[in-house]
Amino acid sequence: MTDFPTLSWPEADGPHSARWRSEAAVPPAKRVVIADDRTTADAAYRLACEGTALLWRGDFQNARQLLQAMTRRLERKPRKQAASPLDAFNLHRQAQAQRARTLGMLLIPLEGDYTIPLRRAPSVQEACEEVYGPPTHEPSIVSLRELLGLIGAHEWRKKGVEIPALQERIHPHYGVFSPVRGEYVDLVARTPLPSLEKAFDIGVGTGVLSAVLAKRGVKRIVATDQDPRALACAKENLTRLGYERQVEIIAADLFPEGRAPLVVCNPPWVPARPASPIENAVYDYENRMLLGFLNGLADHLEPGGEGWLILSDFAEHLGMRARDWLLAAIDNAGLTVAGREDIKPRHPKATDATDPLHTARVAEVTSLWRLKAK
């Protein structure tokens with residue numbers, strides 16, 4: 001009995017099936033047809049919109065062009081007008097979900113060693129191994145959209161993201177939140193440290209904040225995460241940067257044991273339900289991580305210590321979380337605000353007037369809240 005989903009499709013000699021791969025936990029399509037270089041973009045788009053997947057048998061580069069053509073057809077659809085910032089966010093997520101569903105219907109076969117048995121196909125073995133693990137020597141099927149995402153993530157991992165505060169690069173792994181927005185890193189780099197003895201980094205991700213603290217001279221840092229990919233990513237980055245002796249990385253849901261004079265946390269900023277496992281790095285459903293950090297902080301601070309909560313007010317401008325709610329949550333957790341450092345976003349979307357969430361992005365401020373136990 002298999003412990004993974006399978007995709008089935010008709011062939012001339014009867015039904016065939018193979019392992020279905022989806023990092024977004026998308027179930028395999030129930031209807032599948034064979035497509036090749038003769039398949040038109042209009043036909044492919046119509047089938048995809050109807051929920052029929054197309055298993056590609058033609059030239060790989062033609063499949064990429066077909067996906068681009070399907071994308072253009074999606075982008076022609078007029079946007080619904082939003083009545084409020086929250087409505088705009090919900091419509092934006094609906095459009096993203098529809099886009100993912102439709103474009104995810106173009107499928108590519110993989111051999112057991114992760115080679116693509118198509119003309120002009122690139123080598124993707126290394127990218128696949130980084131995400132799927134060692135080859136299982138069994139054929140599988142993946143959406144072209146996901147496969148291109150794996151390739152892009154592999155290139156990001158090789159190239160890395162320049163972090164001015166470190167004067168180094170951080171190399172994000174697939175599925176781990178990438179520090180492309182440097183504002184929150186700058187806040188941690190410039191805020192006066194309460195101590196150089198010890199710090200906790202809650203939700204280590206790529207390890208970027210642990211690296212900044214280590215560079216600033218914090219002697220011992222305990223960094224936690226519950227995502228195996230984040231733990232591996234942080235360990236790789238901190239070892240590359242030479243901070244492996246200063247930083248201990250452990251698997252934990254929020255806090256490690258003990259107390260520290262500094263506890264840092266940068267939770268996902270938007271309290272929405274993740275649509276897939278990979279979105280857990282972006283959305284904090286029902287403020288779970290935020291409240292978990294606040295409610296446990298006092299018990300993990302040394303006397304006089306500080307908890308640094310790095311949080312954008314983007315959700316406030318969307319109408320998803322009120323400032324009064326945040327202040328009440330801080331107070332109810334037995335904490336007081338000792339100070340706050342603010343910074344405006346610098347990312348391109350902040351100045352893109354065509355972005356459906358432009359109103360909220362223009363007003364956004366990212367803050368480092370310095371919290372102390374009462």
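The values are calculated or read from the model by the stated rules, or taken from the named source; none is laboratory data. In this text the structure is predicted, and so the values were computed from the model without any measurement. A quick note on method: Cβ atoms are made from the backbone with ideal geometry, for glycine too, and the neighbour counts reach across all protein chains shown.
Based on what the data block shows, is residue 355 surrounded by fewer than 15 Cβ atoms within 10 Å (Cβ to Cβ), without any contact (Cβ under 8 Å) to a residue 40 or more places away in the chain and not assigned by TED's automatic domain parsing to the domain that holds residue 93? It is false that residue 355 is surrounded by fewer than 15 Cβ atoms within 10 Å (Cβ to Cβ), without any contact (Cβ under 8 Å) to a residue 40 or more places away in the chain and not assigned by TED's automatic domain parsing to the domain that holds residue 93. Annotation note: of 29, 48, the sole residue that is in a loop (DSSP other than H, G, I, E, B), at negative phi and of a type in the set (Gly, Ala, Ser) is 29.
Listed by position, the strands (runs of 3 or more DSSP E) enclosed by the range 243-360 that each have at least 2 residues that are of a type in the set (A, V, I, L, M, F, W, C) and more than 21 Å from residue 179 (Cα to Cα) are 260-265, 335-343. Taken over the range 293-322, the criterion of being in contact with a Pro (Cβ under 9 Å, 6 or more places away or on another chain) and more than 21 Å from residue 198 (Cβ to Cβ) is satisfied by 311, 312, 314, 315, 317, 318, 319, 320, 321. Among the residues of the range 104-114, those identified as buried (at least 16 other Cβ atoms within 10 Å of the Cβ) and under 25 Å from residue 172 (Cα atoms) are 104, 110, 114. I'd like to know if the range 6-15 contains one or more residues that are out of contact with any helix residue (DSSP H, G or I) (no Cβ under 7 Å at 6 or more places or on another chain) and part of a loop (DSSP other than H, G, I, E, B). Yes, because at least one residue in the range 6-15 is out of contact with any helix residue (DSSP H, G or I) (no Cβ under 7 Å at 6 or more places or on another chain) and part of a loop (DSSP other than H, G, I, E, B). For the range 211-226, does any single residue satisfy the condition of being farther than 25 Å from residue 261 by Cβ, aliphatic (A, V, I, L, M) and part of a loop (DSSP other than H, G, I, E, B)? Checking the range 211-226: not a single residue is farther than 25 Å from residue 261 by Cβ, aliphatic (A, V, I, L, M) and part of a loop (DSSP other than H, G, I, E, B).
Go through the residues of the range 180-199 one by one and say whether even a single one is under 14 Å from the mean Cα position of the chain (by Cα), within 20 Å of residue 159 (Cα to Cα) and part of a loop (DSSP other than H, G, I, E, B). If you could, list the steps in order and put the result at the bottom.
So the first thing to find is which residues in the range 180-199 are under 14 Å from the mean Cα position of the chain (by Cα), and the list is 180-181.
From what is left, the residues that are within 20 Å of residue 159 (Cα to Cα) are 180-181.
Next, only the ones that are part of a loop (DSSP other than H, G, I, E, B) stay: 180-181.
Checked against the condition, which is being under 14 Å from the mean Cα position of the chain (by Cα), within 20 Å of residue 159 (Cα to Cα) and part of a loop (DSSP other than H, G, I, E, B), the range 180-199 yields at least one hit.
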